[in-house]
1. Please give the number of the condition residue 429 fails out of (1) within 16 Å of ligand 4 (Cβ to nearest atom); (2) in contact with a strand residue (DSSP E or B) (Cβ under 8 Å, 6 or more places away or on another chain); (3) part of a helix (DSSP H, G or I).
2. Residues of segment 142-167 being within 16 Å of ligand 3 (Cβ to nearest atom) and either surrounded by 24 or more Cβ atoms within 10 Å (Cβ to Cβ) or assigned to a helix (DSSP H, G or I) (or both), which ones?
3. When you look at residue 528, is it surrounded by 22 or more Cβ atoms within 10 Å (Cβ to Cβ) and part of a loop (DSSP other than H, G, I, E, B), yes or no?
4. How many residues are touching a strand residue (DSSP E or B) at 6+ places or on another chain (Cβ under 8 Å), surrounded by 21 or more Cβ atoms within 10 Å (Cβ to Cβ) and not in a strand (DSSP E or B) if we restrict to segment 617-642?
5. Restricting the first residue to segment 316-344 and requiring it to be more than 27 Å from residue 612 (Cβ to Cβ) and more than 16 Å from ligand 4 (Cβ to nearest atom), which pairs with a second residue that is assigned to a helix (DSSP H, G or I) and modelled with pLDDT under 95 meet a Cβ separation below 8 Å and a spacing of at least six or different chains?
6. Is there a residue in segment 168-188 that is within 11 Å of ligand 2 (Cβ to nearest atom), modelled with pLDDT of 95 or more, in contact with a strand residue (DSSP E or B) (Cβ under 8 Å, 6 or more places away or on another chain) and in a helix (DSSP H, G or I)?
Ligand SMILES: Nc1nc2c(c(=O)[nH]1)N[C@H]1C(S)=C(S)[C@@H](COP(=O)(O)OP(=O)(O)OC[C@H]3O[C@@H](n4cnc5c(=O)[nH]c(N)nc54)[C@H](O)[C@@H]3O)O[C@H]1N2
Ligand SMILES: Nc1nc2c(c(=O)[nH]1)N[C@H]1C(S)=C(S)[C@@H](COP(=O)(O)OP(=O)(O)OC[C@H]3O[C@@H](n4cnc5c(=O)[nH]c(N)nc54)[C@H](O)[C@@H]3O)O[C@H]1N2
Ligand code: SF4
Ligand SMILES: [Mo]
């Protein structure tokens, strides 16, 4: 168990038109009707490819090689017969969208202009392989950087051929830490694992704290279960500096100053100890370091924490008491909370709450974060480790994705980055310090290759763009990072136009480069079969053949699983590490990020840039007109007091700026943020914004306190009328 359990979120990422449109289908680009007299109709099982905690199961129907519907699997209880609004028109919005790229393209305009002309696959691959060979000869393999992330969560299209391909070339590695890693580092320090309460078991909870997560938007299939818990008497508390849709629906919204959650959690512990609400027996048997923790939290009195967090003393006391006295209590954390400079410490402090109160004892009590470890443990990763073995023999440097802009612009790197591959990601939109990223991508000497569905704002900077298949055109296997279902994804149609799966691109490039290693040529379907070829108890009876029939299967986990009822933490001692001498500092501390007086004066507002867009998935779908219309224009939320001071009215166009960039956006005067905090949505492509800059033009490429994640929300700005 332990070896495979080493899979972390990074490795997880690394390894690894509804019926009505059928009538109009023949006019869709790329759709061709075969000459068969009898229409051939088929329905296959698949899953949503998005980097979303829900990983919905679906069925795709195709007639004569034209997909006619994508429908949620009714029988999967978690998907529960419903996709989300982003995916209602997936076939029109992606597979058959008129803007979809259907041939390889070569740049003819300047970088960023988005002017391309078609080129044949063979010619493009030949040109690239010649250029890559020169770069390898002159600068070494590390001059090549693959930049890929969770744009397609399928285990095959994410890394099947690309990982060994880049390892073989000796390319630089990308440190994929923008989502999950900071939180995981914090939880690992305490529990040695991230898996805790499973999503379905939230219905048993009686006190649910949604701490820095917005499930109505970001985890839509968990929300009905939270509603059920509420109907059965649970109190729903949201801790979020932004009044999200979820916060609005909660019984209690607690709105701290962003980035102060470590202090808040330590303050709750202080209350629990002073009110003697701890579970002494659980602490004695299953935790270590209680005396050090008691001493440590004595500083975090409700009064001190009130000063730090901007909350009332009474809020902190009540929260601590209610949390400790309403078992089974559950804390749900996901990703939003980690994007702070003190983000890891917050998870670390929060992870101590269920141990100190013994919340872990009951079904539905404890902490809920991610679930990928269960798949890491149970699938067969034998093919996935080929790249790892290659890298063990010949280690290469890593470039942290948060600091992508810095790396691209650093010509003192030895070697500098000379070739860039981007797939399953749109870094010009999603990576902090957007202007630095763009400046790097504008470098005339950088060879950039992008695999995509659309000319995204990243693809605009490419020398070559290759058409990627949409998920219904290739094989894959989907596991989930936040629930416990595995899905097979069978192609419903052959690739549209000249599109090819990511895996096939790398096979063809391997061939063009004269590489002969057999592992570069394994078919996708063999990866799927191999991953499922495991005797692990969680996969009992779940095979390639069974999944082809059922589409999805829930891991065979114990019924009514209470993972830490009797300790059983994945630490060396098996105990929950309240004090962890292996980590510096051994106890989580609240440390405020320090700005100079000048910075505080020049940039008086704290900026949040969050996933508040219901109709986009990160930057995906932001180019789809009807979804953007549905979403409405993006606003900067500003508190009424600040708006009055600055003389801003609703709808006024403002310039939000700092030393990294500026964004032109309309203001919305709301109570969604407190005084001093402003918030705008991430995900909008800069090309869709008035001045060609979106949220990440303002964010900082600062790393988190642990886990080398991104302190994306640690940003300050000033605002003036535009
Ligand atoms: N519709 C939609 N769904 C999505 C996505 C999307 O873009 N759109 N993205 C997907 C991805 S990749 C992920 S990782 C998940 C993320 O899912 P979540 O973690 O739920 O989403 P986030 O928007 O990152 O953050 C949630 C909340 O954290 C709050 N937050 C920010 N800073 C702080 C802080 O310092 N303290 C506290 N307590 N709260 C804070 C934000 O205000 C926000 O409301 O969502 C997934 N689902
Ligand atoms: N300011 C701010 N920035 C953030 C965040 C935030 O909260 N605030 N959240 C961060 C988080 S949590 C995350 S996970 C990242 C996500 O950042 P990214 O991983 O860059 O996510 P997307 O913007 O969805 O881009 C995915 C791209 O993959 C493409 N794609 C989909 N399927 C395939 C395929 O099969 N092949 C190929 N080649 N391409 C495909 C899609 O068309 C899309 O353009 O953003 C981060 N950035
Ligand atoms: S984006 Fe998420 S909620 Fe929507 S269909 Fe895909 S997995 Fe389901
Ligand atoms: Mo994410």
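The values are calculated or read from the model by the stated rules, or taken from the named source; none is laboratory data. What you see is a predicted model, and the numbers here were worked out from it, not measured in a lab. Virtual Cβ from ideal backbone geometry, glycine too; neighbours counted across all protein chains shown.
1. Among (1) within 16 Å of ligand 4 (Cβ to nearest atom); (2) in contact with a strand residue (DSSP E or B) (Cβ under 8 Å, 6 or more places away or on another chain); (3) part of a helix (DSSP H, G or I), residue 429 violates only (2).
2. The answer is 149, 151, 152, 153, 154, 155, 157, 158.
3. Here the answer is no, as residue 528 does not meet what is asked.
4. Final tally of qualifying residues: 1.
5. From segment 316-344, no pairs qualify.
6. Among the residues of segment 168-188, at least one is within 11 Å of ligand 2 (Cβ to nearest atom), modelled with pLDDT of 95 or more, in contact with a strand residue (DSSP E or B) (Cβ under 8 Å, 6 or more places away or on another chain) and in a helix (DSSP H, G or I), which makes the answer yes.
Quick grid of which residues meet (1) away from ligand 4 (no atom under 16 Å from the Cβ); (2) touching a helix residue (DSSP H, G or I) at 6+ places or on another chain (Cβ under 6 Å); (3) under 26 Å from residue 267 (Cα atoms); (4) modelled with pLDDT of 95 or more:
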site: 602; (1), (2), (3), (4): yes, no, no, yes
site: 607; (1), (2), (3), (4): yes, no, yes, yes
site: 624; (1), (2), (3), (4): yes, yes, no, yes
site: 637; (1), (2), (3), (4): yes, no, no, yes
site: 652; (1), (2), (3), (4): yes, no, no, yes
